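Participant: Can you read through this structure? Questions will come right after.
The values are calculated or read from the model by the stated rules, or taken from the named source; none is laboratory data. Since the model is a prediction, treat every value here as computed from it, not as a measurement. A quick note on method: Cβ atoms are made from the backbone with ideal geometry, for glycine too, and the neighbour counts reach across all protein chains shown.
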Amino acid sequence: MEPLHRRSVADRVWDMLGSIAGGSWFAAFHVIWFAAWIAVNRGYVRGIKPFDPYPFNLLTMIVSLEVIFVTIAVLNSQRAA
């Protein structure tokens with residue numbers, strides 16, 4: 001692996017994203033986020049009008065986009081290693 005100071009800013013950003021996505025807190029955050037999203041959009045939270053009814057198409061799109069970027073980050077990190 002080449003020295004960090006010689007790596008491009010983009011490579012360092014992808015490495016950072018890959019390392020963040022690999023943390024256990026990242027998984028815990030997503031469990032909480034999905035549970036809250038589902039609770040709001042099933043009408044379980046008073047005062048917040050559901051905005052993404054079942055089958056949660058907006059949530060599906062957001063998660064799909066996130067997967068694309070996390071995959072790119074992991075692949076770039078592996079390429080650099």
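Participant: Mind checking whether some residue in region 66-75 is touching a residue at least 12 places away in the same chain (Cβ under 8 Å), assigned to a helix (DSSP H, G or I) and exposed (fewer than 13 other Cβ atoms within 10 Å of the Cβ)?
Facilitator: Yes, region 66-75 has at least one match.
Participant: So which residues in region 31-60 are loosely packed, with under 13 Cβ neighbours inside 10 Å and either touching a strand residue (DSSP E or B) at 6+ places or on another chain (Cβ under 7 Å) or under 30 Å from GLN78 (Cβ atoms) (or both)?
Facilitator: Those that are loosely packed, with under 13 Cβ neighbours inside 10 Å and either touching a strand residue (DSSP E or B) at 6+ places or on another chain (Cβ under 7 Å) or under 30 Å from GLN78 (Cβ atoms) (or both): VAL31, ILE32, THR60.
Participant: So, one more: Just checking, how many residues over region 30-57 are in contact with a Pro (Cβ under 6 Å, 6 or more places away or on another chain) and either outside any helix (DSSP H, G or I) or on the phi > 0 side of the Ramachandran plot (or both)?
Facilitator: Step one: list which residues in region 30-57 are in contact with a Pro (Cβ under 6 Å, 6 or more places away or on another chain), which gives 41, 43.
Restricting the remaining residues to those that are either outside any helix (DSSP H, G or I) or on the phi > 0 side of the Ramachandran plot (or both) gives 43.
Within region 30-57, residues that are in contact with a Pro (Cβ under 6 Å, 6 or more places away or on another chain) and either outside any helix (DSSP H, G or I) or on the phi > 0 side of the Ramachandran plot (or both) number 1.
Participant: Taking region 53-81, which residues are more than 23 Å from PHE26 (Cα to Cα) and not hydroxyl-bearing (Ser, Thr, Tyr)? If you could, list the steps in order and put the result at the bottom.
Facilitator: At the first step, the residues of region 53-81 found to be more than 23 Å from PHE26 (Cα to Cα) are 53-55.
Answer for region 53-81, where residues must be more than 23 Å from PHE26 (Cα to Cα) and not hydroxyl-bearing (Ser, Thr, Tyr): PRO53, PRO55.
Participant: Quick one: how many residues across region 36-68 are under 30 Å from TRP14 (Cβ atoms) and more than 15 Å from the chain's Cα centre (by Cα)? Walk me through it before giving the result.
Facilitator: In the first step, residues of region 36-68 are kept if they are under 30 Å from TRP14 (Cβ atoms); the result is 36-37, 52, 56-68.
Among the residues that remain, those that are also more than 15 Å from the chain's Cα centre (by Cα) are: 36, 52, 56-57.
The total comes to 4.
Participant: Any idea which residue in region 1-29 is modelled with the highest pLDDT, counting only those that are under 13 Å from the mean Cα position of the chain (by Cα) and not in a helix (DSSP H, G or I)?
Facilitator: GLY23
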